Amino acid sequence: MTKDAHISDLEKELQETKKQLAFYKDRCKKSESNERRLFHEVYQYKELIHSSTALITLLLGPDFVIDFANDAIRKVWGKGDQVTGKPLLEVLPELKGKEIEDYLNFVYQTGETFEAFEEPVEHIIDGEKVLYYFDFTYQAQYDLNGELVGIGVFAQDVTERAILNQKIKKNEKEFRELVNLMPHKISVANSLGETIFYNQAWLDYVGKSMNQFLDTNWTEVVHPDHTAEIEHIFSDFLPKGEDFKIELKLKSKTGDYLWHLCQVTAIKDEHGQVNSWISSSTEIQQLKEEEEKQEAFLKLVSHELKTPVTSIKGYIQLIQSMTGKENEQNKTLKPYLKRVEDQVERLIHLISEMLDLSRIEQNELELNKTEFDLNRLVEEAVEDICYTNQEVRINIHHEDEFQVLADRNRIEQVMLNFLTNAIKYSPENKHIDIRIFKRDKNSVGVKIKDHGLGISRKDRQHIFRRFFRVEGKNQDTYSGFGIGLYLSNEIIERHNGKIFVKSKVGEGSEFIFTLPLNQN
Ligand code: ADP
């Protein structure tokens, strides 16, 4: 080889070595930056775990040596920051022999994950016992070769929630015990009316266990006589979310049906939506039997009184006609006779209301239907009323002429009752407006509007109940027994009509009754 050729080879070799040097320099730089990036990532993950509110620790080996414990878990342990590298039970001797130790051993031996909810754990912090509740997971940790090396602990401090839940559970238990001690039959139903709880009194009454009774439909213990009432509950009260009271005969374990008063209350959320229904049923069998006896007695007394009182009325009229002559003695007698006549009239009215009441109770109220002119009937009732109440002013507005097929005497009774009430409960303004109008293509309405005391919204719900009278001073001021509206309502319902009331306290009331029109 020539000298030049040799130099040229050496130069090439030098170039090659330079290239390689540049390549290795570049690789060095790259690996340096990779290492930095890796270090950065690890730092970030550690930071994330450290600042997490979840309690996290990594325990290695069969002694559960703390390899890593984040800030949150170290705070709960209360044993300071120098815990890494030490076995867990050395740091937390209070856990020795406790269930936590068993759970850890189980995961380490089986590799299975262990989960617990609201688990009570007692730690000792500064010598004081502190009770915590945790939701936690113990998860086996493996190395790159798939060898189980330790346990990852992921926990959440749920002490506040657990204490609240315990309080709720305690309250619920107390409520159940209380409800079970009550002699009333208490049940709870969901928003659809499906029962989800019966108290002991219910279970004792039907002779079934909770599950047996829940499996049957509660309507099965209701007497078949009440089918209409049950339909009413499902079609009206439940959909409207209204509280209601109902009297039902309920079947006992002996097969007897006993009367109960069932009061049902809707429990609503803040938006007024029904969440559940609570029902309380009280046995009223004895009360009902006494009521029946009283009714039979009233019926008997009313019957017995009717004849003598009617004949007293006849004699009074006879005496009145005998005192027709204008002399001193008759002048003194006449006002007294008038008073006696008025009182007897009241007595007769009361007796006939009592008789009607027992007829309704025993389903004996018969309707004697004929076709008649409703407008004329209203006019006659008004004339009668005005005859005995000279101070009253009544306007009648006939929108049209209406024929109805109904019991004329009964409808007159209803009309007189509305008019008497309108006068009685209007102590100052005795001005009454009546309107006879076509309500729809099949029915006619009669409206009686007064300008009297009015009836509050609360009382309006009850005025059609037997013996209901608005409480307060009015009750004593205005005579009555609270039967008139009950009878009127029964009479109108039996004619397939309806009664509506509108009223404002201090301004007056409007009573409307409707009747089907006679289509012939
Ligand atoms: P009563 O014999 O007590 O008048 P009703 O059954 O006719 O019995 O009426 C029941 C209750 O309804 C009455 O006691 C009264 O408080 C109230 N009421 C009825 N009609 C009127 C009215 N027009 N204005 C005010 N309150 C009325």
task: Within 10 Å, count the other beta carbons around each residue, average over each peptide in 208-220, 427-439, 149-161, and list them highest first.
output: 149-161, 427-439, 208-220
- request: Mark the label point 7 Å from the Cα of GLU364 along Cα→Cβ and return the residues of the range 327-358 whose backbone N is within less than 13 Å of it.
  value: 354-358
query: How many nm separate the modelled label positions at ASP400 and ASN442, each set 7 Å beyond the Cα in the direction of the Cβ?
result: 1.6 nm
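If you average over every viewing direction, what projected area does the convex hull of the Cα atoms of the chain give, in nm²? Before the final figure, lay out each step's value.
Working: hull surface 220.9 nm².
Hull-based average projected area comes out at 55.2 nm².
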message: Kirkwood Rh over alpha-carbon pairs of the range 288-361, then Stokes-Einstein at 25 °C and 0.890 mPa s: what D in µm² s⁻¹, rounded to an integer?
response: 175 µm²/s
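According to the Cα gyration tensor, what semi-axes, each the square root of 5 times an eigenvalue, does the equivalent ellipsoid of the range 380-520 have, listed from largest to smallest in whole Å? All intermediate terms of the calculation are to be shown ahead of the outcome.
On the way: eigenvalues 118, 61, 38 Å².
In descending order the semi-axes read 24, 17, 14 Å.
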- line: Quick calc: nm separation of the 7 Å Cα→Cβ label points for ARG339 and ALA296 -> 4.0 nm
message: Need one word for the range 228-339: rounded, prolate or oblate. Basis is the Cα gyration tensor (sqrt eigenvalues a ≥ b ≥ c); a/c below 1.5 gives rounded, then a/b vs b/c decides.
response: prolate
- prompt: What is the sum of charges around ARG435, taking Lys and Arg as +1, Asp and Glu as -1, for the other residues whose C-beta is under 12 Å from the C-beta of ARG435?
  reply: 0
- prompt: Quick one: net charge of GLN320's neighbours, Cβ under 15 Å, K/R +1, D/E -1?
  reply: +2
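Since every read-out is calculated from the coordinates, none of them should be taken as a lab result. Note that the structure is a prediction, hence the values are computed from the model and not measured. Positions of Cβ are generated from backbone atoms using ideal geometry, with glycine treated the same way; all protein chains shown enter the neighbour counts.
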